[in-house]
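The values are calculated or read from the model by the stated rules, or taken from the named source; none is laboratory data. Just so we're clear, the structure is a prediction, and the values are computed from it rather than from any experiment. Backbone-built Cβ (ideal geometry, glycine too); neighbour counts: all protein chains shown.
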Amino acid sequence: MKFYFALWLAKILGVAINLVSKDRGTNLPGEKALAIDPSFVKNFKNIDYSKVIFITGTNGKSSTTNLVDHILKENGKKIISNIEGANLLSGIATILAKESTLTGKLKADYFIFETDERYLPLVYAQLPAENMLITNLQKDQVQRNGDPDFIYRKLKEVINPQMTLILNNEEPRSRSFEESSYRSVYYGVERHDESFNKGIDYPTQACLKCHHDMVFDYYNVDSIGAFHCDFCGYASETIPEYQVNDINFKEKTFKLKGVDYNMPYDLPFMFYNYAGALAICQEICDISPQKAAKAFNNFKNIGGRFEVLKYKDKTIKYMRIKQENPDTLQSALNIMAFDKQEKMVALGLYTLVDFIPHYANTFYAFDCDFKPLIDSKVERYLCFSEHVSYDTANRLIYEGVDKEDITIMDSDNIKEIFAEIDKAETNNIYLITWISTFEKMKKFIEGGQN
Amino acid sequence: MDMILKIGWLFPNTFNLHGDRGNILAIKAEGLRRGYKVEVFQINLETKDFDPMDYDFIFCPPGEIVHFKPVIEFLKPHNEALMTFIENRPMLVTGTSIGIFGEEIHRDDNSSIKGLGIVNLEVYESHVVYGDDLYYHCQYNGNKMEIIGNQIQMMHVEIQEESPFGQLIYGYGNTGNTKFEGARSGKGIFTNTLGPVLVCNPWLTEEIVNLIEVNKGLPVWEEKRDNSLELNSLKTKVALIEKKESKLIKISER
């Protein structure tokens, strides 16, 4: 009986929150329902677990979930998914409550859930999905995750021989789960024009199987690329089953299994999301690459990491990175480095404010290679943001940037940031900062300061 | 006179968590500033004829405990040499890797790994992670200094008879219950301070290189580095610490 009370409360809360704001409340109804019935998610009816797909990992899970949801809907499937991004148990509880009947019955062809990797065991305990895609396991959110092995062990708790795994062929940790599953399908990306190498003093990682040094022949995205271990032979496959290839940045197209696709976003980290999504669609949902291809013509990624603002005569290209995550910072640096035009770089790494205690961590910047950016015609650097601007500047100085070429601003004052941007001779401005500062900058422009 | 500084970087690929290569950049930059040639040697599980005494400074970054056993097996034959090394030569060990050099690593699953026993301490893996700023004062090579950095605490460090490396001003430190940060044995520093600690605290880097100079019979470089940028960084991070909300037991109450 408590399930029904929990369900009805969640539904009422969902409707009420929706009346106030359509953008809010992706967790609250589920949280309240779970407080009444801790097994709330387990008690829904008509869920075929072979039709449930978890998409987890460090980076790319939201975009991959969005794309799978989009492709399947475009092909007439009824999907229940958490594309608004609430990826904890309470978020999934919220969406199930919203989509179910008053008696907790669900009707969908597939259930596609982005799942927070840290809380995966809690979600799985109530919703034992038989399919899971692992995007990658990288250094991320160290304040709560510590090191990648901490998360690796969380996933190990869940993965079992009943599962079908869709694995990133070119990410050693993800790929190594192959030995624990019923069936593994691999996806990857062919070497392309923006693949890169890093110097010998940039460490790689230890082999998951024998602890010796792993070698990356190249990276398509930081920490992801063709790899091998000389000691035990553990390696990525040369051509995985689902490989994005023939990437054409100019035409914005690529191929997979001989089918041509339009490329909605020509960002290297998105290529893995394309390959993973297509693997799920074919292997789990029986939507072939041919049928999936047309959905790429009108795909819009929710909450993407790249936005362009017009400010006076300048173009501000904003790239959102994940804090404590060198891989997203490296991707942003690479994008700037591939732009050979004169540019100003405004770098606002920021204090971590996710939870108490807040702290000033920028050490992940030392994992990133700034050299290609520095060699790519940078007129001036602005290092801003309270408490970390000096450390950010120091990272650049250690890479060879002259102190005189950096403006250091121990502040997040929007007007001061724009005043520095105004001083730039170039109109080509790159901006990295957290979403809160960016939103304020956007409002500043929209408020007539343009 | 030998004008080459030789740096041994232990297991850079195996142990690579928090931008630790910044420490190599810092020591190298300081050596170059003083006019030395600096050679960095990466030591991994396949390195033949490893001899700690070949180096002027050794750095061991933090790593995932899952890789500790093979590393300890590799280092075991060099136990005596490492003990001799830290009697006079500087070594920096950060984060979880402290456990490798201690007596025992107690894991969260109740298993344990025997450490090298070079320093008299034991570590206990935590069930949860704690991340925060870390601020303390310490003395190295006869000079007092303040150190600022970050700590991602994945284990408690119980120092037995060893001296702590630092006295906490703010932060978790070894256990969250004591005033101690890390341990010091001879010239070996075993600290929870992660990432580029030598970048953020060039005054420590200078003392390490001063010590190398003494060990090599070289005159200690007198021209001080311009540390104004790092001092400004220290100041603004201390301002953050002073205003931040914290659930830690106050240092005065430990």
For B:GLN42, all conditions in the list (1) touching a helix residue (DSSP H, G or I) at 6+ places or on another chain (Cβ under 8 Å); (2) at pLDDT 95 or above hold save one; what is the number of the exception?
(1)
Looking at (1) of a type in the set (A, V, I, L, M); (2) in contact with a Leu (Cβ under 9 Å, 6 or more places away or on another chain); (3) within 11 Å of chain A (Cβ to nearest Cβ), find the lone condition where B:ILE189 falls short.
(3)
Of (1) surrounded by fewer than 24 Cβ atoms within 10 Å (Cβ to Cβ); (2) away from every other protein chain (no Cβ under 14 Å), B:PHE165 satisfies every one except (1)
In the set A:GLY400, A:GLY348, the lone residue that is under 30 Å from A:SER195 (Cα atoms) and surrounded by fewer than 22 Cβ atoms within 10 Å (Cβ to Cβ) is A:GLY400
If the Cβ limit is 8 Å and pairs must be 6+ apart or interchain, which residue in region B:192-209 that is under 14 Å from B:ARG33 (Cα atoms) and within 11 Å of chain A (Cβ to nearest Cβ) pairs with which residue that is of a type in the set (S, T, N, Q) and outside any helix (DSSP H, G or I)?
B:PRO202/B:ASN227
Tell me the helices (runs of 4 or more DSSP H) entirely within region B:148-254 that contain at least 1 residues that are over 20 Å from the mean Cα position of the chain (by Cα) and among the small types (Gly, Ala, Ser).
B:228-243
Pick out, from region A:311-399, the helices (runs of 4 or more DSSP H) lying fully within it that include 1 or more residues that are more than 9 Å from every other protein chain (Cβ to nearest Cβ) and farther than 24 Å from B:LYS237 by Cα.
A:326-338, A:371-374
With the condition kept exactly as written, say whether any residue in region B:74-90 is in contact (Cβ under 8 Å) with a residue 60 or more places away in the chain and either of a type in the set (Ser, Thr, Tyr) or within 11 Å of chain A (Cβ to nearest Cβ) (or both).
no
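Let's see how each residue does on (1) surrounded by 14 or more Cβ atoms within 10 Å (Cβ to Cβ); (2) within 25 Å of the chain's Cα centre (by Cα); (3) in a strand (DSSP E or B); (4) in the same structural domain as A:LYS371 (by TED's automatic domain parsing):
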site: A:GLU404; (1), (2), (3), (4): no, no, no, yes
site: A:ILE408; (1), (2), (3), (4): yes, no, yes, yes
site: A:ASP412; (1), (2), (3), (4): yes, no, no, yes
site: A:ILE417; (1), (2), (3), (4): yes, no, no, yes
site: A:ASP422; (1), (2), (3), (4): no, no, no, yes
site: A:ILE429; (1), (2), (3), (4): yes, yes, yes, yes
site: A:SER436; (1), (2), (3), (4): no, yes, no, yes
site: A:GLU439; (1), (2), (3), (4): no, yes, no, yes
site: A:PHE444; (1), (2), (3), (4): yes, no, no, yes
Which one of A:ASP230, A:ASP201, A:ASP222 is charged (D, E, K, R), touching a residue at least 12 places away in the same chain (Cβ under 8 Å) and facing chain B (nearest Cβ under 9 Å)?
A:ASP230
Residues of region B:4-20 satisfying the condition of being surrounded by fewer than 23 Cβ atoms within 10 Å (Cβ to Cβ) and of a type in the set (D, E, K, R):
B:LYS6
Region A:268-285 residues that are within 15 Å of A:LYS255 (Cβ to Cβ), paired with ones that are surrounded by fewer than 24 Cβ atoms within 10 Å (Cβ to Cβ) and acidic (Asp, Glu) (beta carbon under 9 Å, 6 or more apart)
A:PHE271/A:GLU190; A:ALA279/A:GLU241
Given the structure, is B:GLU39 acidic (Asp, Glu) and within 10 Å of another protein chain (Cβ to nearest Cβ)?
no
Quick one: would you say A:LEU167 is more than 21 Å from A:GLU324 (Cβ to Cβ) and either of a type in the set (Val, Ile, Thr) or under 19 Å from the mean Cα position of the chain (by Cα) (or both)?
yes
Quick one: would you say B:TYR135 is surrounded by 16 or more Cβ atoms within 10 Å (Cβ to Cβ), modelled with pLDDT of 95 or more and either assigned to a strand (DSSP E or B) or in contact with a Ser or Thr (Cβ under 6 Å, 6 or more places away or on another chain) (or both)?
yes
Assess whether A:GLN126 counts as being outside the structural domain of A:ILE356 (by TED's automatic domain parsing) and under 19 Å from the mean Cα position of the chain (by Cα).
no
Before we move on, is B:GLN167 among the polar types (S, T, N, Q) and more than 26 Å from B:PHE15 (Cβ to Cβ)?
yes
So, in region B:217-254, how many residues would count as being surrounded by 13 or more Cβ atoms within 10 Å (Cβ to Cβ), farther than 21 Å from A:GLU386 by Cβ and of a type in the set (Asp, Glu)?
0
Candidate set from region B:106-132 (those that are part of a loop (DSSP other than H, G, I, E, B) and more than 14 Å from chain A (Cβ to nearest Cβ)); member that is nearest to A:ARG118 (Cα to Cα)
B:ASN110
Any idea which residue in region B:219-241 is nearest to the other protein chains (Cβ to nearest Cβ), counting only those that are at pLDDT below 95 and in contact with a helix residue (DSSP H, G or I) (Cβ under 8 Å, 6 or more places away or on another chain)?
B:LYS224
Strands (runs of 3 or more DSSP E) wholly inside region A:72-157 that include at least 3 residues being closer than 30 Å to A:MET1 by Cα, more than 14 Å from chain B (Cβ to nearest Cβ) and free of Cβ contacts under 8 Å to residues at least 40 places away in the same chain
A:79-81
Go through (1) surrounded by 24 or more Cβ atoms within 10 Å (Cβ to Cβ); (2) modelled with pLDDT of 95 or more; (3) within 13 Å of the chain's Cα centre (by Cα) one by one and return the number of the condition B:TYR140 breaks.
(1)
Which numbered condition A:PHE177 fails, given (1) buried (at least 19 other Cβ atoms within 10 Å of the Cβ); (2) assigned to a helix (DSSP H, G or I); (3) under 19 Å from the mean Cα position of the chain (by Cα):
(3)
